[in-house]
Amino acid sequence: MTELSFINKPQSQPIKYKSIVDVFNENASEFPEKEICIQRFPDGSRRPITYSDLKRKAVKTASYLVGQGIKVGDKIGIAGPNSIEWIIGELAIIMAGAVSVHLPMFDGNFRKTLEGIQISECKSVLLDPENDVKFLEDVEEYVSNNPSNERSGSKNLVFVLLRKIGKSFLPDLESMEISDEHQPEPQLPRIFPETPAIIFMTSGSTGKPKMVECTHLALVNTGSANMFTRGVGGKGESYFNDRPFSWIGGSIIYCLLQADTRVFRDGRITAKGGDIMDLWNIIMEEKCTSGLFLPFTIYDMLQNKDKIAKTGYRMKSVITGGQIIKRKETGILGEVCESLYMLYGSTEVGIVTYCQIDSLVETGSIGSVLPGVQIKVVGEDLNTVVRGEMGTLYIKSPWMLKGYFNATEDQNKSIVDGWMNTGDVGILRTDGQLIIKGKMNNIIKRGTLKVVSGEVEECIATIAGVKDAVVIAVPDPRLYEEVCACVVLDKHTSVTIQDVRTRCAENLGDNIVGQAPTFYLEFDTLPQLGTGKPDKVKIKQDVMSRLGISTQ
């Protein structure tokens with residue numbers, strides 16, 4: 001009988017029936033003076049925090065939240081750049097029994113962040129707008145126009161700054177007297193393992209925000225947590241990861257649970273392609289044995305591998321994910337690191353496979369399934385296909401999402417009888433190799449960001465004078481893919497390509513952490529298929545020719 005496309009890797013470790021707070025307190029008692037998080041700054045300075053200091057500050061902040069009426073299960077948003085204050089804030093939210101909602105921030109656009117706050121039903125928000133003056137002004141205006149009415153018992157959304165910022169009238173955790181020294185702090189609640197802990201925001205395949213709700217139990221038992229933090233190193237080692245704390249791959253929770261020291265800096269420096277040797281100097285100074293880097297950083301390391309090799313320092317392992325690694329990027333082996341691993345997964349199911357990469361690895365191979373994970377490949381009829389046939393990957397794991405919070409009907413369709421529809425197309429071969437062939441949805445992967453072409457096209461279409469627009473992906477050696485807007489303008493109007501660029505920047509953010517295209521090309525007409533739809537194959541060929549991009 002032909003074997004079906006199904007993999008079941010049994011759970012190898014017993015389930016820990018504990019909350020995040022339980023495990024954190026155990027680690028804080030065992031390693032009180034351990035520098036668990038280290039923030040590095042452009043001037044070379046460092047700011048560490050130990051388990052004992054983190055616990056003391058988080059407990060005080062949690063007590064403040066409880067004193068403000070926050071109850072178990074309440075949603076508290078948190079937004080801002082990676083910082084020690086962010087770590088204290090997130091842990092405090094969890095200690096208070098609330099659910100930490102990871103909110104996106106848009107440069108100068110508080111309205112979009114407010115939409116996420118309202119959809120997730122947050123009762124309070126811990127915020128660090130950093131140097132975004134416009135964003136802070138909009139928050140203050142909102143607070144001024146929506147005062148709390150204590151007499152009627154109603155209390156509107158409360159914003160608390162993670163650190164003191166200028167002359168802002170908003171309360172901040174850095175300078176406020178969190179509790180009177182003559183009065184006992186409020187008793188913190190007992191947190192049970194099944195309690196929701198974090199809601200990760202993700203754009204998803206439709207481009208609409210999805211709120212992935214994870215419990216304490218799921219995060220404590222994430223089987224891949226050690227791959228996030230230490231790669232092939234031993235427990236308690238130091239690792240570098242500057243991915244945003246709001247992303248599951250950058251979540252600070254894993255480091256606190258694994259007792260592995262997290263070294264980080266502002267990830268935007270890395271994303272913008274700054275001097276890779278600045279990054280490497282941090283790695284050497286902190287003696288990081290592993291690092292989680294996105295493919296564009298590996299590309300930068302590859303371009304500077306000779307300089308790195310001359311330093312005489314080499315990491316045990318580099319971990320990556322988010323997109324398929326090309327063979328040429330294995331050139332960092334022996335120079336930058338001893339081993340290179342690619343992780344495969346999603347916010348909804350966590351990391352479910354890992355693959356050790358070398359120059360012989362097959363493109364699309366996602367490697368070994370982690371313990372506790374089940375994977376099947378299904379056809380259009382939702383039945384499991386035989387090995388060797390192509391289909392859609394469905395995944396189930398002990399640490400997968402509890403569910404989508406406030407899910408739409410379409411979002412709920414992604415979860416079928418406890419299985420997560422990944423939207424990825426792949427093949428489980430007869431030799432047991434699982435190969436990813438691509439994405440069902442039309443998503444452009446720029447670095448780790450998913451740019452939804454339809455959303456960008458919709459933005460451009462709102463401009464008066466734009467007759468037609470198609471957004472396509474073009475290959476990029478560093479970011480994997482880049483975004484190109486192909487636009488047909490009405491010659492009878494004064495609209496220009498610069499107008500299109502400006503509108504995209506205003507509504508989609510930049511082309512680093514936002515969804516704005518990098519390339520804008522004007523066309524007289526766009527070639528069409530017989531159905532009347534744009535012929536994206538021909539359009540892409542024209543674009544690559546005009547941009548001078550090789551197909552090799």
Need at least 1 residues that are more than 22 Å from the chain's Cα centre (by Cα) and farther than 30 Å from Val99 by Cα per element, so show me which strands (runs of 3 or more DSSP E) inside region 404-519 make the cut, counting only ones lying wholly within it. 419-428, 434-439, 466-476, 480-489
Please count how many residues of region 286-316 are acidic (Asp, Glu) and either at positive phi or out of contact with any strand residue (DSSP E or B) (no Cβ under 8 Å at 6 or more places or on another chain) (or both). 2
For region 221-269, what are the residues that are part of a strand (DSSP E or B), farther than 21 Å from Gly345 by Cα and either in contact with a Gly (Cβ under 9 Å, 6 or more places away or on another chain) or among the polar types (S, T, N, Q) (or both)? Ser238, Thr261, Val263, Phe264
Within region 12-44, the residues that are of a type in the set (S, T, N, Q), over 26 Å from the mean Cα position of the chain (by Cα) and assigned to a loop (DSSP other than H, G, I, E, B) are Ser12, Gln13
If you go through Ser317, Ser346, the only one that is under 21 Å from Glu237 (Cα atoms), among the small types (Gly, Ala, Ser) and surrounded by 17 or more Cβ atoms within 10 Å (Cβ to Cβ) is Ser317
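Looking only at region 387-403, decide whether some residue is of a type in the set (Val, Ile, Thr) and assigned to a loop (DSSP other than H, G, I, E, B). Give the derivation first.
Taking region 387-403 as the starting set, the residues that turn out to be of a type in the set (Val, Ile, Thr) are 392, 395.
Those still in the list that are assigned to a loop (DSSP other than H, G, I, E, B) too: none.
Among the residues of region 387-403, not one is of a type in the set (Val, Ile, Thr) and assigned to a loop (DSSP other than H, G, I, E, B), which makes the answer no.
Any chance region 63-79 includes a residue that's under 21 Å from the mean Cα position of the chain (by Cα), closer than 29 Å to Arg40 by Cβ and at pLDDT below 95?
Of all residues in region 63-79, those under 21 Å from the mean Cα position of the chain (by Cα) come to 75-79.
Among the residues that remain, those that are also closer than 29 Å to Arg40 by Cβ are: 76-79.
Imposing the further condition that a residue be at pLDDT below 95 reduces the set to 79.
Checked region 63-79: at least one residue is under 21 Å from the mean Cα position of the chain (by Cα), closer than 29 Å to Arg40 by Cβ and at pLDDT below 95.
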Which is under 26 Å from Ile319 (Cα atoms), modelled with pLDDT of 85 or more, in contact with a strand residue (DSSP E or B) (Cβ under 8 Å, 6 or more places away or on another chain) and not hydroxyl-bearing (Ser, Thr, Tyr), of Gly418, Gly438, Gly447? Gly447
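Under 30 Å from Glu285 (Cβ atoms), among the charged types (D, E, K, R) and not assigned by TED's automatic domain parsing to the domain that holds Leu257: is that true of Glu140 in this structure?
On the way: under 30 Å from Glu285 (Cβ atoms): no; among the charged types (D, E, K, R): yes; not assigned by TED's automatic domain parsing to the domain that holds Leu257: yes.
No; evaluated as a whole, the condition is false for this residue.
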Which residues, counting only those in region 370-392, are within 19 Å of Thr222 (Cβ to Cβ) and at pLDDT 90 or above? Val373, Gln374, Ile375
Do we have Ser359 as small (Gly, Ala, Ser), surrounded by fewer than 18 Cβ atoms within 10 Å (Cβ to Cβ) and assigned to a strand (DSSP E or B) here? no
Across region 369-386, what is the number of residues that are surrounded by fewer than 16 Cβ atoms within 10 Å (Cβ to Cβ) and either part of a strand (DSSP E or B) or without any contact (Cβ under 8 Å) to a residue 60 or more places away in the chain (or both)? 6
Go through (1) buried (at least 16 other Cβ atoms within 10 Å of the Cβ); (2) more than 24 Å from the chain's Cα centre (by Cα); (3) closer than 18 Å to Ile93 by Cβ one by one and return the number of the condition Arg56 breaks. (1)
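The values are calculated or read from the model by the stated rules, or taken from the named source; none is laboratory data. The model shown is predicted, which means the values in this text are computed figures rather than measured ones. Virtual Cβ from ideal backbone geometry, glycine too; neighbours counted across all protein chains shown.
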